[in-house]
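Remarks on the structure that follows.
The values are calculated or read from the model by the stated rules, or taken from the named source; none is laboratory data. Just so you know, these numbers come straight off a predicted model, no measurement behind them. With ideal geometry, Cβ positions are generated from the backbone for all residues, glycine too; neighbour counts draw on all protein chains shown. Note: accessible area is taken over every heavy atom of the protein model, side chains too, but ligands, DNA and RNA are not part of it. Shrake-Rupley method; radii C 1.70, N 1.55, O 1.52, S 1.80 Å.
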Amino acid sequence: MKSNVTPMPIPGMPAAPDTGTLKGFLRFLAQELKPRGKILTPFNVVTGIIILGGIAIIAVRFARGLGAVTNLSQAYPWGIWIGFDVVTGVAFAGGAYILTFAVHILKVKKYEPIVRATVLNGFLAYVFYSGALLLDLGRPWNVVNPIIGNAFGYGSVLFLVAWHFLLYTLVLFVEISPAIADWLKWVKAKRIIQKVTTATIIVGVTLSTLHQAGLGGLFLTAPSKIHPLWYSSNIPVLFFISSMFAGFSMIIIESMFTHRIFSDRLDEAHRASHNKILLGLAKGSASVMAAYLFLKVIDLTHGHQLGLLLTPMGYWYLVEVAGFTLLPLVLYVVAIREQSTRLVQGTAILTAIGVILNRLNISVIAFKWYEAVRYYPSWMEIWVTLAVISMELWVFRWVITRMPILGAPPDFTAEEKTLNNLGDGEVVRWKVSSSWKVSAS
Amino acid sequence: MTISRRNFLKVAGAAGGVLLAGGARSARTAQVPQTSSEGIEFNGMLIDTTKCIGCRACEEACNEANKLPKPSVSFSAESVFEEKRETTPDAYVVVNRFPNGKNPDKPVFVRRQCMHCVEPSCASACLCKAMEKMPEGPTVYHKDRCMGCRYCMISCPFDIPKFEFDSASPFVRKCIGCYDRVAKGEQPACAEACPEGATLFGKRRDLLEEARKRIYRNPDRYRQRIYGEHEVGGTGYMYLSAVPFRTIGFRIDLGTTHYPELTSGFLSAVPLVDILWPAVLFGFNYLISDREEERGKESGDEE
Ligand code: SF4
Ligand code: SF4
Ligand code: SF4
């Protein structure tokens, strides 16, 4: 998969029209919507076919019902569209809240160069996963009921998750909007957004905490259906903690790809600090994984479930917990010792597999493990999942080749000065140009 | 700065603790209430499996009362007993046959339908109140509210709600205790149809009384257990049996905690986290900005 992106320096957009007027804005949009670079690359062809096929399957799903394309049954009402697309996908989107927390609240400046890419990834993940969720709902036109309807199911964990999900998607949009403002050269709008950055991020972290935990909380109501090795009253906490290392590993994996594919868009500062960033992420990941495993062990001994480890489901549990959580933890520690970024990257992949296994186990595999006829996804369910991912990648690429996501944002110091003279003259914190120097040092 | 670092960490710890405690399940088993919060006596049903003859008159009556499509095999066909059946979107009650451990010549017939739990998990799971527990006892379904998320199916300990997977405009389907008939003063269709009195409709309180009486008078005939008296916090429909419930298709591992209790700890932690978390994070941010400023001053590199 080679880059099909024509290198283009950010600040010098082709004869930028005045985006302040509607007409200019539309012209600019039309110009930006045009594809750039070669169109018939292998990547485009493959994902294009997947997306077209996915759309066809989705059409059948809406015409003939969920049963026509999925393997869902009365015994397994939720399949991979929930278990993978939503429950697993949201865990990986956790990178956005972790990183904004580190950079803006803890002021760990070295991660600043990757914040925008991670937030963009998170935002797109939420948009596309809620899209996937609509496919899975039997009556998606009623999805607004718990939002504006007269029937609020306050006592439902799903009600809580839905609300936090929706609000957090909005928050992510606000968090990514400085990049959009840069792209449109809306300096004033950007200033306004930046003033609420800290507040937005704090709201975002709060919402994330609750809905990451809430996704686990959903399964609290199925104590008799989830295998006792996985069911625990701590599921919400475990989901929250594992969303952190899911987020960390996703950031590492994603940076592996963006570095290779979009290398022409990276600035020097980014490249130089990258190794330091990776090792830092590994440290963060390792410490939360240790906490997670500690809780897991408590659960295991507390529930007197040690005997269950010697059953087939027990072996499977060990594959997940020992093979894909404990082992990566050890490998992270080794990687930090040896200062090996390669090992960090490999370990991130192992960790990600562990998180996928965990989410799939709770929502699909260890769910009703006793049933004689088990659920497995139909090829069409898998196809649609791939189509959702492909669409997300397309949009991600589109944004990343047009907006200043990977490189340093354009320097608006001159424009800001004029604004400053007009306005209250308050120093805008996280002023792009200056903080960039900090991270480069 | 008014907030000291130590105090601040205390608050941070409290917020984390709330989240942790939120997951913890309380072991309290409350007394099963016999009335709604408004004081209306719950209706229920007592199903005596020792009396049931497997005639499936209840299935047929249910089919008619709810205007369900006619099944492909007639209601008098014995062949349906060959395999264990679950309720379906088109059959709210199904009768199953089990071998009788006590008396091999006399198989046990057990009907299966919504248990109309005293604290239904399906209703607490539903995010738009499409599943609702009525003060009179039954758990009903409002089709106009439902969004088809199927979380009620995940949550029901008895796997009762069924979904129309083959419809482009699907609904969840299950027994609603003949809510409209009962409101008119009639009995649920199945109870009215039963020729053997195996299905008794009445106030839950009275039915429990009756069940205890039967066990007391015929200790050899019945197991000393009323299924549904305490299971998952009590159910509106309850069963008597001559043989262990485990052997006639009942789950005996469901416990007595009512299911909404499983999530109540977590849910009550939510508003606290929503308030404490931002406070803690602003605190962090404040402390760290302060420190940054000092450091900035010392080293002289102005941001
Ligand atoms: S048996 Fe299931 S569907 Fe019926 S009231 Fe109880 S939880 Fe709801
Ligand atoms: S499927 Fe319908 S009734 Fe069931 S929880 Fe979802 S919205 Fe409620
Ligand atoms: S009508 Fe009565 S006797 Fe006949 S199957 Fe139903 S419960 Fe049993």
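Here is the link list: A:K109/A:K283; A:K368/B:K84; A:K34/A:K188; B:K70/B:K162; A:K107/A:K195; B:K70/B:K174. Which ones come out longer than 19 Å on Cα distance? If you can, show how the numbers build up before the last one.
Values: A:K109/A:K283 16 Å; A:K368/B:K84 17 Å; A:K34/A:K188 27 Å; B:K70/B:K162 17 Å; A:K107/A:K195 16 Å; B:K70/B:K174 16 Å.
As for pairs spanning more than 19 Å Cα to Cα, those are A:K34/A:K188.
The value of relative contact order for region A:297-366, using C-alpha pairs under 8 Å at least six residues apart, is 29 percent.
For the peptide B:151-161, the mean number of other protein chain Cβ atoms found within 10 angstrom of a residue's Cβ is 6.
Placing pseudo-labels 7 Å out from each Cα toward the beta carbon at A:D264 and A:A75 gives an inter-label distance of 5.5 nm.
Under 5 Å from the amide H of B:R111 lie the amide H atoms of B:N96, each residue being 5 or more positions distant or on a separate chain, with H modelled from the backbone and absent for Pro and chain starts. Compared with the direct C-alpha span, the chain from B:N103 to B:S268 gains 54.3 nm at full extension, assuming 0.36 nm per residue.
In Å², nearest 100, what accessible area do chains A and B bury in total when the solvent probe is 1.4 Å? Accessible area lost upon association: around 5400 Å². Considering only alpha-carbon pairs that sit under 8 angstrom and 6 or more positions apart, the relative contact order computed for region A:242-351 is 41 percent. Of the three principal axes defined by the Cα atoms of the protein assembly as shown, the extents in descending order read 92, 57, 50 Å.
Note down the net charge around A:T206, summing +1 for each Lys or Arg and -1 for each Asp or Glu among other residues with Cβ under 14 Å from its Cβ.
Spelling it out: positives minus negatives among the neighbours equals -2.
Each label was represented as a point 7 Å from its Cα along the Cα-to-Cβ direction; for B:R221 and A:V46 these points are 7.1 nm apart. Shape of region A:28-136 from its Cα gyration tensor (a ≥ b ≥ c, root eigenvalues): rounded if a/c is under 1.5, otherwise prolate when a/b > b/c, or oblate? Here region A:28-136 falls in the oblate category. For region A:295-417, the fraction of alpha-carbon pairs lying more than 21 Å apart is 64 percent, rounded to a whole number. Solvent-accessible surface of the protein assembly as shown, taken per residue with a 1.4 Å probe and all protein chains present: 43 Å².
Sequentially through region B:63-77, phi angles give Karplus couplings (6.51, -1.76, 1.60; θ = phi - 60°) of 4, 6, 4, 9, 6, 7, x, 5, x, 6, 9, 5, 5, 9, 6 Hz, Gly and Pro residues having no value and appearing as x.
Starting with the highest mean, order A:83-96, B:172-185 by the number of other Cβ atoms within 10 Å, averaged over the residues of each peptide. Write down the numbers at each step before the final one.
Details: A:83-96: 25.5, B:172-185: 18.2.
My ranking of the peptides, most packed first, is A:83-96, B:172-185.
Semi-axis lengths, largest first, of the ellipsoid equivalent to region A:185-258 are 35, 17, 8 Å, with √(5λ) applied to each eigenvalue of the Cα gyration tensor. Shown here for region A:323-389: trypsin sites (Lys or Arg not before Pro) in loop regions (DSSP other than H, G, I, E, B) with at most 16 other Cβ atoms within 10 Å, namely A:R374. Mean separation of Cα pairs under 8 Å and 6 or more residues apart, divided by the residue count, gives chain A a relative contact order of 28 percent. The B:R251 and A:K188 beta-carbon pair, evaluated with R₀ = 45 Å, returns a calculated FRET efficiency of approximately 0.10.
Would you work out the Kirkwood radius for region B:232-294? I mean one over the mean of 1/r across all pairs of different Cα atoms, in Å. Kirkwood radius, region B:232-294: 16.5 Å. Surface composition of region A:45-409: carbon plus sulfur atoms contribute 74% of the solvent-accessible area (1.4 Å probe, protein chains only, all chains present). Hydrophobic, long helices, defined as DSSP H runs whose alpha-carbon span along the helix axis is 30 Å or greater and whose mean Kyte-Doolittle value is at least 1.0, occur in chain A at A:42-64, A:112-136, A:157-184, A:235-261, A:379-400. The angle between the Cα long axis of helix B:5-23 and the main principal axis of chain B comes to about 10°, on a 0 to 90 degree scale. Descending by average beta-carbon neighbour count within 10 Å, the peptides A:217-226, A:104-113, A:171-180 line up as A:217-226, A:171-180, A:104-113, the highest first.
Quick one: with all protein chains in place, what share of the accessible area of chain B is carbon or sulfur, to the nearest percent (1.4 Å probe)?
Working: 7570 of 14500 Å².
Ligands and nucleic acids excluded, carbon and sulfur reach 52 percent.
For region A:96-110, a decrease in accessible area of 20 Å² or greater in the assembled protein chains relative to the isolated chain, with a 1.4 Å probe, applies to A:F101, A:I105, A:L106, A:K107, A:K109.
Let me check I've understood the local charge: for B:E209, count other residues with C-beta under 13 angstrom from its C-beta, Lys and Arg +1, Asp and Glu -1. What total comes out?
Working: positive: B:K203, B:R204, B:R205, B:R212, B:K213, B:R214, B:R217; negative: B:E41, B:D206, B:E210, B:E229.
Neighbourhood net charge equals +3.
From the Cα gyration tensor of region A:45-409, with a ≥ b ≥ c the square roots of its eigenvalues, which class applies: rounded if a/c is under 1.5, or else prolate if a/b is larger than b/c, or else oblate? Oblate shape, in that a/c is at least 1.5 and b/c is the bigger or equal ratio. Dividing the helix sum by the residues of the protein assembly as shown, where each DSSP H run of 4 or more adds -39500 (n - 2.57), gives a mean residue ellipticity at 222 nm of -16500 deg cm²/dmol. Shape analysis of chain B based on the Cα gyration tensor places the equivalent ellipsoid semi-axes at 52, 22, 17 Å, largest first. Reducing region A:330-359 and region A:54-84 to their Cα centroids gives an inter-centroid distance of 34 Å. Residues of region A:191-238 that lose at least 50 Å² of accessible area (1.4 Å probe, protein heavy atoms only) when the other protein chains are present, relative to their chain alone, are A:I202, A:T206, A:L210, A:L220, A:T221, A:S224, A:K225, A:S233, A:V237. Ranked by the mean number of other Cβ atoms within 10 Å per residue, highest first, peptides A:59-68, B:57-66 order as B:57-66, A:59-68.
Sorted from longest to shortest, the spans of the Cα atoms of region A:123-250 along the three principal axes equal 56, 36, 24 Å. What the Cα atoms of region B:137-293 give is an Rg and a Dmax of 23.7, 85 Å.
Counted over the protein assembly as shown, the DSSP beta bridges are approximately 85% antiparallel.
What share of the DSSP beta bridges in chain B is antiparallel, in percent to the nearest 5?
Values: 19 of 23 bridges.
Here the antiparallel bridges make up roughly 85 percent for chain B.
Take the Cα of B:E186, step 7 Å toward its Cβ, do the same at B:K51, and the gap between the two points is 2.1 nm.
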